[in-house]
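Beneath this line is the structure, given in structure tokens, with notes to follow.
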Amino acid sequence: MKKIALLAALCVGAWYYFVGGRTLDEKMVRAYYDQSAHALYKRDAELMCKQLSSKAIIQDETVMNGQTQRSTLNHDQQCEAFKASMQMFEQIGDRMGGILTIEFEFHIDSIEIEPGRKSAKVKGTSLLKMGETVMQFSSTFNEQIVREMGQMKLLRSDQRTVVRMAGGRGMSQSDFFSK
């Protein structure tokens, strides 16, 4: 009897590893983005990193003050970028007297579940506001979400972000980025 129970447990485990733990649906994709927003509000870079596939490739184009910067990051580089962003948020907050509100909203334009339900292509937009109008990050994204070992992960992202900063209100861009 123990051998039958062990065999059944192994079969269930094998099915989950090879099939069940790797499929996804639209509800899971939406939950992934809700969790991402929650991690950003918590300013939790580690949680944000856990949402990346170990094979993640992030292609980013950022436009700020008329200058365009392009980068391609892997998992480790994106994790470092998350950490640097969270530190930047803290620095800006400190310079604003410890009061920094963060508003984040995203809109998913489309979710295309791939045949076999192992990945989804997601197109959307997001807007991150810091201190109402002090700094805004407006992004468009095309991403591929996969499920690895029961976890939703970002495998690929192509994004374009436009950064806007308020001027003439007692603080300048150099106030935020000087050391």
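Can you name the number of the only condition in (1) modelled with pLDDT under 95; (2) over 23 Å from residue 112 (Cα atoms); (3) touching a strand residue (DSSP E or B) at 6+ places or on another chain (Cβ under 8 Å) that residue 61 fails?
It fails just one condition, (1).
Scan region 6-27 for residues that are out of contact with any strand residue (DSSP E or B) (no Cβ under 6 Å at 6 or more places or on another chain) and either surrounded by 11 or more Cβ atoms within 10 Å (Cβ to Cβ) or at pLDDT 65 or above (or both) and jot them down. Working first, answer last.
Narrowing region 6-27 to residues out of contact with any strand residue (DSSP E or B) (no Cβ under 6 Å at 6 or more places or on another chain): 6-21, 23, 25, 27.
Those that are out of contact with any strand residue (DSSP E or B) (no Cβ under 6 Å at 6 or more places or on another chain) and either surrounded by 11 or more Cβ atoms within 10 Å (Cβ to Cβ) or at pLDDT 65 or above (or both): 12, 13, 14, 15, 16, 17, 19, 20, 21, 23, 25, 27.
Residues of region 55-83 being closer than 17 Å to residue 148 by Cβ, without any contact (Cβ under 8 Å) to a residue 40 or more places away in the chain and open to solvent by 30 Å² or more (accessible area, probe 1.4 Å), which ones?
Our first condition is that a residue be closer than 17 Å to residue 148 by Cβ; within region 55-83, this holds for 55-58, 74-76, 78-79.
If we keep only those that are without any contact (Cβ under 8 Å) to a residue 40 or more places away in the chain too, we end up with 74-76, 78-79.
Hits for region 55-83 are 74, 75, 76.
If I ask for residues that are farther than 13 Å from residue 157 by Cβ, under 11 Å from the mean Cα position of the chain (by Cα) and not charged (D, E, K, R), which ones from region 30-85 would you list?
Scanning region 30-85 gives 35, 37, 38, 39, 40, 45, 47, 49, 79.
Which one is most open to solvent (accessible area, probe 1.4 Å) among residues in region 116-141 that are polar (S, T, N, Q) and more than 13 Å from the chain's Cα centre (by Cα)? Before you say what the answer is, go through the steps one by one.
Filtering region 116-141 for residues polar (S, T, N, Q) gives 119, 125-126, 133, 136, 138-140.
Retained after the next criterion (residues that are more than 13 Å from the chain's Cα centre (by Cα)): 119, 133, 136, 138.
Working: 119: 15, 133: 66, 136: 42, 138: 43 Å².
Across region 116-141, the extreme among qualifying residues is 133.
Going by the structure shown, is residue 117 of a type in the set (D, E, K, R), at positive phi and modelled with pLDDT under 95?
Working: of a type in the set (D, E, K, R): yes; at positive phi: yes; modelled with pLDDT under 95: yes.
Taking the combined requirement at face value, the residue satisfies it.
The values are calculated or read from the model by the stated rules, or taken from the named source; none is laboratory data. These numbers were taken from a predicted model, which means no experiment stands behind them. Glycine also receives a Cβ, built like all others from the backbone with ideal geometry; neighbour counts cover every protein chain displayed. In case anyone asks, the SASA skips ligands and DNA or RNA and just uses the protein heavy atoms, side chains included. Shrake-Rupley method; radii C 1.70, N 1.55, O 1.52, S 1.80 Å.
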